[in-house]
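Below you'll find the structure, written out as structure tokens, and then a few comments.
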Amino acid sequence: MTIPTLNPEAAERVLTGSVAELSTRFAGIFSGETVDRYVHESYQSLYRTAAIKHYLPVMAGRFAAERLTALAQATGKIDKTVPEVLFICVHNAGRSQMAAAMLHRAARGRVHVRSAGSLPASEINPSVTDAMDEVGVDLSGEFPKPLTDDVVRAADVVITMGCGDACPIYPGKRYLDWDLLDPDGQPLHVVQDIRDQIESKVKHFLDELLASA
């Protein structure tokens, strides 16, 4: 199978379109120069690790939008309407992706969820995608994202999963660590067990978070 490629000129056209769209969305909050920098930095960050480059400009626009929203929240330029939860693991290709998707589905808009990796992988673990498909959660549109300072600053709760000391610590935030086996290289039945453990932890965490809120 031939993997489609994207030439630099076409990539830049897509990135320029994202800059224009996000400049309009964040008008009065961030300058066009800031938006442009975030879009291109996001593209370069993803380019270093992604296995397939063809869709990176579109992914970079999505990633930049998340980062700009987080920065605006962290600096008080926009209000948070629901609690912000950030899941972090090493590769953002397994545990943190499963947890973020599970919490997003269970919360039904009552919590906003992000995920990131201290050393992001090139793609989401296929066994993780298969295991999540079994429970009706589609990860096909997701991709590993590098950990950035803005999303940590915006989070109310940071949940780590084996990323060690890679996550910066900010006062006033709640930090939790979920000790879970890394699904990387594991057979499907083990990944299914990890998924089920995550689902249980997510349920208890959500009940506690909403009760405290």
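Table for the structure above
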item: Members of Lys53/Lys173; Lys77/Lys173; Lys53/Lys77; Lys53/Lys201 lying beyond 28 Å, as alpha-carbon distances in this model show; result: Lys53/Lys173; Lys53/Lys77; Lys53/Lys201
item: Peptide ranges 72-79, 168-175 listed from the most packed, as the mean C-beta count within 10 angstrom indicates; result: 72-79, 168-175
item: Cα→Cβ-extended label distance, 7 Å offset, between Arg48 and Val82, nm; result: 3.2 nm
item: FRET E, pair Thr16, Asp133, Förster distance 35 Å, beta-carbon r, rounded to 0.05; result: 0.50
item: Spin-label model distance (nm) - Glu9 vs Glu41, 7 Å beyond Cα toward Cβ; result: 3.0 nm
item: CD proxy at 222 nm, helix term only [per DSSP H run n ≥ 4: -39500 (n - 2.57); per residue of the chain; nearest 500]; result: -16500 deg cm²/dmol
item: Under 12 Å from Lys80, Cα to Cα: aspartates and glutamates that are on another chain or at least 8 residues apart; result: Asp156
item: Approximate shape of region 44-99 as ellipsoid semi-axes (Cα gyration tensor, √5λ), whole Å, largest first; result: 24, 17, 9
item: Förster-model FRET efficiency, 45 Å R0, Ser140 and Ser31, C-beta, rounded to 0.05; result: 0.85
item: Difference of contour (0.36 nm per residue) and Cα-Cα distance, Ile169 to Lys203; result: 9.7 nm
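Rule-based calculations on the coordinates, nothing more; no lab input. These numbers come from a predicted model, not from an experiment. Virtual Cβ from ideal backbone geometry, glycine too; neighbours counted across all protein chains shown.
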